[in-house]
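Novice: Could you have a look at this structure, given as structure tokens, before my questions?
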Amino acid sequence: MNPSTPAPPAKPSPEPLTLTQPALAQADEGIWSSLLVTALALAFVLALAWLFLRLLKRATTPRSAQGREPPHVVQAVSLGAKERVVILRDGAQEYVLGVTSTQVSLIDKRQATPPTPSSHSGP
């Protein structure tokens, strides 16, 4: 360097980085808006999952051609190793069946009675 050339001016020392009040407010707004977007996205995904499960349940529930539920066993009592009496409900009818390992016999056919409330309270 030449003694006749002036030295470049010294750079001012950088000031320590401090966040001003408006910068803090902007950072808080950014965090809250980001949190809100995340919560809304989560709610949307959960709603889609719930809707999918409802549609899946409806599609996989067995129904007869008339749209009613299939017959279901109301009660079964074992009488021996391979013998039992079964009460089967199909719509408004109940069937009392004798079931063995080789055959099923109709014992009685009657109108279905509405379920009676049990004497004990729930869990």
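Rule-based calculations on the coordinates, nothing more; no lab input. Computed from a predicted model, the values in this text were never measured in an experiment.
Novice: So what are the ³J(HN,Hα) numbers for region 89-96, from phi and the Karplus equation (6.51, -1.76, 1.60; θ = phi - 60°), rounded to whole Hz, Gly and Pro as x?
Specialist: Ordered by residue, 3J(HN,Hα) equals 10, 10, x, 9, 10, 10, 10, 9 Hz.
Novice: Which far-off residues, 5 or more places away or on another chain, put their amide H under 5 Å from the one on residue 112, with H placed in the peptide plane?
Specialist: 93, 94
Novice: If you plug each phi of region 48-54 into the Karplus form 6.51 cos²θ - 1.76 cosθ + 1.60 with θ = phi - 60°, what whole-Hz ³J(HN,Hα) values come out, in order, with x for Gly and Pro?
Specialist: With the stated coefficients, region 48-54 comes to 5, 5, 4, 4, 4, 5, 4 Hz.
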